[in-house]
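Visitor: Just dropping this structure here.
The values are calculated or read from the model by the stated rules, or taken from the named source; none is laboratory data. A quick note: this is a predicted structure, and the numbers were derived from the prediction, not measured. When we count neighbours, we look across all protein chains shown, and the Cβ atoms used for this are built from the backbone with ideal geometry, even at glycine.
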Amino acid sequence: MSDPKPILYYDDRSPPVRSCLILIRLLAIDVELRFVDLFMGAQFEKAFLSVNPQHSVPVLVHDELVLTDSHAILIHLAEKFDVAGTLWPKEHDARIQVLNRMLFECSFLFRRDSDFMSEIVRRGFANVDVAHHERKLTEAYGIMEQYLERHDYMAGDQLTLADISIVTTLSTVNLMFRLSHWPRLERWFAAMQQLDAYAANCTGLEKLRQTIQRIGDFQFPASVSHTAVD
Ligand SMILES: N[C@@H](CCC(=O)N[C@@H](CS)C(=O)NCC(=O)O)C(=O)O
């Protein structure tokens, strides 16, 4: 019997979801998409909680597997569908370096981005200490600038899952904070935007911008980011 089609539960305003969408587009994987409207609380509905008690997206259901974290989903999809095997390298040190950067995305960059965006949603932009979040997030910019000192990509000299994981969160942070003081990071981001598959980030990013602006009652700075809708 042929492999069943993976199902991705998603809300494309979520950066980790958008990383999965970029990879799915890059590898032309046939996936069934099921929308979970996070801003309407659909993640707390009983049917979805039975799939993911953590009430978060992305979730990938593939045959017997239920994966509830974007990093696991990216690795799984790359192992199954990346025939070239470069996005998730086979060689041990290269692979662990990719994993290390993906964990940086998870535990540092995304965490700080999520703290900032959630606070805007919860309290309204006028009540947020933007300077505090700017310090936290530009520290992350500085770290990525260092990662890019010796290599063109986040985990070496070729595109890997690390770049795909990081770029969606970076694009979200960049809605607010410019990259001009971090030239390598700015160049890397521009290169990522040139990938055809990057289009999979754009619609959700624009939707997020509009949602946060509406709920937070403010406007992100104009023309900071590339927010073309595909
Ligand atoms: N580390 C997780 C983070 C997933 C996550 O926090 N998703 C958020 C959207 S960006 C979510 O679904 N939040 C809804 C909730 O927690 O109720 C991943 O990379 O998949």
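So that you can scan it fast, the table gives a plain yes or no per residue for (1) closer than 18 Å to Arg112 by Cβ; (2) part of a helix (DSSP H, G or I); (3) among the aliphatic types (A, V, I, L, M):
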{"site": "Leu175", "(1), (2), (3)": "yes, no, yes"}
{"site": "Tyr198", "(1), (2), (3)": "no, yes, no"}
{"site": "Leu205", "(1), (2), (3)": "yes, yes, yes"}
{"site": "Thr211", "(1), (2), (3)": "no, yes, no"}
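Visitor: Here's a follow-up. May I ask you to list the residues in the range 1-60 that are of a type in the set (Gly, Ala, Ser) and either more than 9 Å from the ligand (Cβ to nearest atom) or more than 20 Å from the chain's Cα centre (by Cα) (or both)? Let's see the steps before the verdict.
Guide: Kept after step one, since they are of a type in the set (Gly, Ala, Ser), are these residues of the range 1-60: 2, 14, 19, 28, 41-42, 47, 50, 56.
Hits for the range 1-60 are Ser2, Ala28, Gly41, Ala42, Ala47, Ser50.
Visitor: Shifting gears a bit: Within the range 1-15, can you find the residues that are modelled with pLDDT of 95 or more and either of a type in the set (Asp, Glu) or assigned to a loop (DSSP other than H, G, I, E, B) (or both)? Steps first, answer last, please.
Guide: Step one: of the range 1-15, the residues modelled with pLDDT of 95 or more are 5-15.
Lys5, Pro6, Asp11, Asp12, Arg13, Ser14, listed by residue number.
Visitor: Suppose we filter Ala47, Ala78, Ala28 for residues that are in a helix (DSSP H, G or I) and without any contact (Cβ under 8 Å) to a residue 40 or more places away in the chain; which single one remains?
Guide: Details: Ala78 fails: without any contact (Cβ under 8 Å) to a residue 40 or more places away in the chain; Ala28 fails: in a helix (DSSP H, G or I).
The conditions single out Ala47.
Visitor: Something else: Tell me, yes or no, whether the range 133-155 has at least one residue that is touching a Gly at 6+ places or on another chain (Cβ under 9 Å) and not small (Gly, Ala, Ser). Reasoning before the result, please.
Guide: Of the residues in the range 133-155, the ones touching a Gly at 6+ places or on another chain (Cβ under 9 Å) are none.
The answer is no; no qualifying residue exists.
Visitor: Against the definition (among the polar types (S, T, N, Q) and either touching a residue at least 40 places away in the same chain (Cβ under 8 Å) or within 28 Å of Gly85 (Cα to Cα) (or both)), how does Gln219 come out, yes or no? Reasoning before the result, please.
Guide: Details: among the polar types (S, T, N, Q): yes; either touching a residue at least 40 places away in the same chain (Cβ under 8 Å) or within 28 Å of Gly85 (Cα to Cα) (or both): no.
For Gln219, the condition - among the polar types (S, T, N, Q) and either touching a residue at least 40 places away in the same chain (Cβ under 8 Å) or within 28 Å of Gly85 (Cα to Cα) (or both) - is not met.
Visitor: Also, I was wondering about something else. For the range 216-227, state whether one or more residues are modelled with pLDDT under 95 and either acidic (Asp, Glu) or buried (at least 20 other Cβ atoms within 10 Å of the Cβ) (or both).
Guide: Yes, the conditions are met somewhere in the range 216-227.
Visitor: Residues to consider are Thr160, Thr138; find the one that is modelled with pLDDT of 95 or more, of a type in the set (Ser, Thr, Tyr) and closer than 17 Å to Leu99 by Cα.
Guide: Details: Thr138 fails: closer than 17 Å to Leu99 by Cα.
On inspection, the qualifying residue turns out to be Thr160.
Visitor: Which residues, taken from the range 61-75, are more than 10 Å from the ligand (Cβ to nearest atom), surrounded by fewer than 17 Cβ atoms within 10 Å (Cβ to Cβ) and not β-branched (Val, Ile, Thr)? Step through it out loud before you land on a result.
Guide: Within the range 61-75, the subset more than 10 Å from the ligand (Cβ to nearest atom) is 61-66, 75.
Going one step further and asking which of them are surrounded by fewer than 17 Cβ atoms within 10 Å (Cβ to Cβ), we end up with 63-66.
Those that are more than 10 Å from the ligand (Cβ to nearest atom), surrounded by fewer than 17 Cβ atoms within 10 Å (Cβ to Cβ) and not β-branched (Val, Ile, Thr): Asp63, Glu64, Leu65.
Yes/no per residue for (1) on the phi > 0 side of the Ramachandran plot; (2) assigned by TED's automatic domain parsing to the domain that holds Gln158; (3) crowded, with 17+ Cβ neighbours inside 10 Å:
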site: Thr86; (1), (2), (3): no, no, no
site: Ile96; (1), (2), (3): no, yes, no
site: Asn100; (1), (2), (3): no, yes, no
site: Leu103; (1), (2), (3): no, yes, no
site: Ser107; (1), (2), (3): no, yes, no
site: Arg112; (1), (2), (3): no, yes, yes
site: Phe116; (1), (2), (3): no, yes, yes
site: Ile120; (1), (2), (3): no, yes, yes
site: Gly124; (1), (2), (3): yes, yes, no
